[in-house]
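Single-structure report; data block below.
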Amino acid sequence: MKKIVVLTGAGISAESGICTFRDSDGLWEQYRVEDVATPEGYEKDKAMVLDFYNQRRRQLETVHPNEGHRQLVRLEEKYDVRIVTQNVDNLHEQAGSSNVLHLHGELTKARSERNSNLIVDIGYNDIHLGDKAPDGAQLRPHIVWFGEAVPNIEPAAQLCEECDYFVVIGTSMNVYPAAGLIHYVPRESPCWLVDPKAVPISRNIKIYQEKAGTGVKKVVDELMELA
Ligand code: APR
């Protein structure tokens, strides 16, 4: 089977009701990154940061995948599909995608402050000060904050090096190393991009300048024809 890598960002979850980061109504319009998405911010006010993610986790329990997520599942009928997502929601999994690699962590997981490999499933439950990991350390969100390591970038780059087709959906390509993954894709592998805005991409790529809810189906229809 030919291999497809799909790189997704906040835009694919926008029509499910989860706001993006850098759009006009985005999360970084309401909160300062340094307060809620850095280790320094967490050390400064753990309760506030835990609550920030508790709010996002509670919202996640109320939202559902949209047509963009669902269309990607169709590809699995004919391709080896790997979703590489910057999103911390579980909407790809809820839609039925089988292989989802999270670059920036997962809202439904928590981990030991002391050991980043000690990860526990918490579903949609809150994390509070005093909640302990199995090693006795405070539990923190299993989220990659700015300045922290992105352990899944190596396996993600490997997948990109081996892919026959590459699709980018709903990301401003602002944040590295995720945005650099496109440079691992072989020159001869065709690429597509779905985004209502123009996204600066330095390679030949077929663009559907529209929302994921309609654009992803168009890319999937093309790929199903190519299989
Ligand atoms: N369908 C498709 N794309 C959309 C939609 C939609 N309905 N609505 C918005 N978009 C696009 C925007 O045009 C933008 O290009 O989604 C992109 C969202 O960009 P960002 O808000 O920057 O989100 P993302 O690229 O995922 O951010 C990357 O930054 O803050 C960190 O860790 C965070 O994973 C995140 C990373």
**Prompt:** Taking the mean number of other Cβ atoms within 10 Å as a proxy for protection, how do you rank 198-204, 162-168 from highest to lowest?
**Reply:** 162-168, 198-204
**Message:** I'd like the distance separating the alpha-carbon centroids of the stretch 77-98 and the stretch 147-211, in whole Å.
**Reply:** 15 Å
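Write down the accessible area per residue of the chain in Å², having rolled a 1.4 Å probe over the full set of protein chains. Kindly include the intermediate steps, with their values, before the conclusion.
Details: 10670 Å² over 227 residues.
Ligands and nucleic acids excluded, the figure is 47 Å² per residue.
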**Complete:** Sorted by chain and then number, the residues having a modelled amide H within less than 5 Å of the amide H of Ile122, at least 5 places away or on another chain, are Lys109, Ala110
**Message:** So for the chain, averaging the separation of alpha carbon pairs under 8 Å that are six or more residues apart and normalising by length, what relative contact order in percent results?
**Reply:** 24 percent
**Message:** Taking the Cα centroid of the stretch 104-127 and of the stretch 1-34, what is the distance between the two, rounded to the nearest whole Å?
**Reply:** 20 Å
**Fill in**
Computed from the beta carbon distance with a Förster radius of 35 Å, FRET efficiency for Glu161 and Asn125 to the nearest 0.05 stands at 0.40
**Estimated inter-spin distance, Lys132 and Ser116, nm [label 7 Å along Cα→Cβ]** = 2.4 nm
**Asked** Just how large is the dipole of the stretch 99-154 about the Cα centre, in debye to the nearest 20, putting +1 at every Lys and Arg Cβ and -1 at every Asp and Glu Cβ?
**Response** 80 debye
**Message:** What is the percent carbon and sulfur in the accessible area of the chain, measuring with a 1.4 Å probe over the protein chains and ignoring ligands?
**Reply:** 49 percent
**Message:** List the residues, sorted by chain then number, that are 5 or more residues from Trp192 or on another chain and whose placed amide H is less than 5 Å from its amide H.
**Reply:** Phe166, Val167, Val168, Lys206
**Prompt:** Based on DSSP H runs of at least 4 residues, each adding -39500 (n - 2.57), what is the mean residue ellipticity at 222 nm of the chain after dividing by all its residues, to the nearest 500 deg cm²/dmol?
**Reply:** -8000 deg cm²/dmol
**Item:** Computed FRET value (nearest 0.05) for His64 with Glu222, which takes r as the C-beta separation and R₀ as 30 Å
**Value:** 0.70
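The values are calculated or read from the model by the stated rules, or taken from the named source; none is laboratory data. As the structure is a computational prediction, the values presented were derived from the model and not from experiment. Don't worry about glycine lacking a Cβ; one is built from the backbone with ideal geometry, like all the others, and counts go over all protein chains shown. When the accessible area is computed, the model is the full protein with side chains, heavy atoms only, and any ligands, DNA or RNA have been set aside. Shrake-Rupley method; radii C 1.70, N 1.55, O 1.52, S 1.80 Å.
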